[in-house]
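Here the structure comes first, spelled out in structure tokens, and everything after it is commentary.
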Amino acid sequence: MLDAGDMFGQRTRIEREQTRFLCEVHSEFGYDAIGLGEMDLNYGIDFLREMIEQYGLPYTSANVRDGSGELILPEFLMVERAGFKIGVCSVLDAEQRILTMSAQDEEYTVDEPLSVLRDLLPRMRAAGAQTVVVIAHLGDQKAEQLLNDVTGVDVCLVGHSRRPFRSERLVDRTSLISSSFEGRYLGRMDVDLGVSGDLKAFDVTILELGEEIADDPIMLDRVNKFKEHLEEFRLVARGPYQPTKGSDKESFLTERECRKCHTDVWEALRESTHQVAFTTLARKGQAQSPECLVCHTTGYLYMNGYDDQPPRNRLTNVQCEACHGYGTEHSRDGSWLAQARASCVSCHDQENSPEFDYDAYWAKIAH
Ligand code: HEC
Ligand code: HEC
Ligand code: HEC
Ligand code: HEC
């Protein structure tokens, strides 16, 4: 049983918590090998190692190195089935950027898959591999290109691809399989091996895990419990910055809504640094920090305000409603103007904006 990588989530604290759960469950599925995808380093090498240790995940990568030039994972794995020794290795696209969530970005180098495989495949054979499986975390086109230039691969599992291969595919003498992403499909390859472990024939089935496959009641229960935990985690992670202000009945409509009628104002504010306040945090690696989000997003302390999950993740930056309040409360009696004038100092406080002077600052964003 193989996985072609990118099991880990996006670079947010919430998805990291979700990834822990995924790893726990994956450990019970009994994988033989998991190829490294660039997403699997989203939370840094320490987190990946922690998951590998805690859940016994058989990650492998033949071409990702850390800052000191060492491979970060086992170069290949050997699996025994039905008396055959099957060598499994994995290569990542050298053009993939590896970004981690931590502010101090870790350094990685990714060796060119072709030269890596040319060197590695004979060594896998020498180590006793009768059948060779390559997990190519390259997407389908690059994987096929690679296989045209390298010999000695029996089966190639393609990762970083969004399309499942619904029928048998052969490149040179290698059979390919890909089963898409997000666990939507389960790919199965039945193989007929010769006495020496060489591939004689194969058959591919792609099973869609849709409605017709019933949910496992025990797993469903665990998933639901986990979702409750995640809700709690989400709130706890905010620390003292809970969304308690305002009202649950009101919403922020986002600046796109305001723009429809106030195009001139929107144009006037396009160049304002308020428009990049969130990017500023991201550049500092602090896009997840509640203590910063409170002033660099819209409505963080308000019910229905910014949150890193859709749809409210559209409330990044200091948008119209950060000063004017809930769009659903749109008022034209002057009270909104007073409220907006008073809003500045909730963010432009002594610590973060010591130079703040209403007239001088307003002049820069007057509209
Ligand atoms: C929700 C918090 C918030 C509110 C409310 C807010 N600001 Fe800001 N403001 C910021 C942040 C954050 C930045 C820095 C953005 C960056 O550089 O990424 C900023 C930057 C600015 C700048 C640019 C400073 C410079 O020299 O480049 C001006 C001008 C400004 N704000 C004026 C105002 C005025 C006037 C008000 C009230 C009418 C106001 N702001 C209300 C958060 C806020
Ligand atoms: C109380 C509101 C508030 C909080 C909390 C806050 N900021 Fe800001 N931040 C501002 C405002 C307002 C400005 C614009 C200051 C100005 O130009 O006068 C700003 C500007 C900045 C800038 C650009 C100006 C510069 O110095 O280069 C950076 C970077 C920044 N903030 C990062 C952060 C980070 C990181 C955090 C969390 C650790 C944070 N901020 C928390 C309100 C806040
Ligand atoms: C940084 C805070 C801030 C942001 C962001 C902001 N405004 Fe304002 N806005 C104000 C303030 C303060 C006033 C009132 C100025 C005054 O009359 O003293 C105002 C006034 C207005 C007015 C009345 C103008 C007039 O002269 O009648 C409109 C309309 C308006 N804003 C729309 C918007 C829209 C739309 C956006 C987003 C594209 C936006 N504002 C973003 C603070 C803000
Ligand atoms: C359907 C059109 C429409 C949309 C959408 C809209 N507005 Fe308005 N808004 C108006 C009209 C019309 C006025 C009154 C005439 C004027 O001052 O331009 C007004 C007035 C205002 C005023 C001045 C209020 C006052 O008391 O004088 C502000 C501030 C304002 N809008 C902000 C916003 C913000 C922020 C959004 C987005 C959440 C928004 N508007 C969305 C039509 C709209």
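The values are calculated or read from the model by the stated rules, or taken from the named source; none is laboratory data. Computed from a prediction, not measured in an experiment: that's the story for all the values here. Cβ placement follows ideal geometry from the backbone for every residue including glycine, while neighbour counts extend to all protein chains displayed. Side chains included, ligands, DNA and RNA excluded: accessible areas come from the protein's heavy atoms. Shrake-Rupley method; radii C 1.70, N 1.55, O 1.52, S 1.80 Å.
Would you mind classifying the stretch 177-251 by shape? Square roots of the alpha carbon gyration tensor eigenvalues, ordered a ≥ b ≥ c; an a/c under 1.5 is rounded, otherwise it is prolate if a/b is larger than b/c and oblate if not. In terms of gyration-tensor shape, prolate. The average projected area of the stretch 2-208, computed from the convex hull of its Cα atoms over all directions, is 11.0 nm². Please compare each pair in Lys142/Lys284; Lys245/Lys284; Lys142/Lys227; Lys225/Lys249; Lys260/Lys284; Lys227/Lys260 to a cut-off of 29 Å on the Cα-Cα distance and tell me which ones are over it. The pairs that break the limit, which is 29 Å between Cα atoms, are Lys142/Lys284; Lys142/Lys227; Lys260/Lys284; Lys227/Lys260.
Note on Arg222: accessible area approximately 70 square angstrom, rounded to 10, probe 1.4 Å, nucleic acids and ligands left out. Which of rounded, prolate, oblate describes the stretch 243-365, given a ≥ b ≥ c as roots of the alpha-carbon gyration tensor eigenvalues and a/c under 1.5 marking rounded, otherwise prolate only if a/b is larger than b/c? The shape class here is rounded.
Accessible area of Trp336 (1.4 Å probe, protein heavy atoms only, ligands and nucleic acids ignored): about 40 Å². Surface analysis of the stretch 211-367 yields an accessible area of 66 Å² per residue, using protein heavy atoms and a 1.4 Å probe. Between the alpha-carbon centres of the stretch 227-288 and the stretch 108-174 there is a gap of 44 Å.
For the stretch 202-295, taking the reciprocal of the average inverse distance between every pair of different Cα atoms yields a Kirkwood hydrodynamic radius of 18.5 Å.
What is the stretch 84-172 by shape, rounded, prolate or oblate, if you read a ≥ b ≥ c off the alpha carbon gyration tensor as root eigenvalues and call it rounded for a/c under 1.5, prolate for a/b larger than b/c, and oblate otherwise? Because a/c hits 1.5 or more and a/b fails to exceed b/c, the stretch 84-172 counts as oblate. Of Thr279, Thr174, the order by accessible heavy-atom surface (1.4 Å probe, DNA, RNA and ligands excluded), from most exposed downward, is Thr279, Thr174. Size descriptor for the chain, Kirkwood hydrodynamic radius: 23.8 Å (Cα pairs only, one decimal). Helices of the chain meeting both criteria, an alpha-carbon length of 15 angstrom or more along the long axis and an average Kyte-Doolittle score not below -0.5, with helices taken as full DSSP H segments, are 44-55, 113-126, 217-236, 335-347. The GluC sites (Glu not before Pro) of the stretch 1-98 that DSSP puts in a loop, and whose beta carbon has at most 10 other beta carbons within 10 Å, are Glu70, Glu95. In the chain, helical runs assigned H by DSSP with n ≥ 4 each contribute -39500 (n - 2.57); averaged across all residues and rounded to the nearest 500, the mean residue ellipticity at 222 nm is -10500 deg cm²/dmol.
Sorted largest first by accessible area at a 1.4 angstrom probe radius, with every protein chain in place, the residues Tyr361, Tyr43 fall in the order Tyr361, Tyr43. Largest accessible area first, the residues Arg188, Arg65 order themselves as Arg188, Arg65 under a 1.4 Å probe with ligands, DNA and RNA left out.
Where the accessible area of the chain is counted over protein heavy atoms with a 1.4 Å probe, how much of it, in %, is carbon and sulfur? Solvent-exposed carbon and sulfur of the chain make up 50 percent of the total. Note on Val91: accessible area is roughly 0 Å² with a 1.4 Å probe, heavy atoms of protein only.
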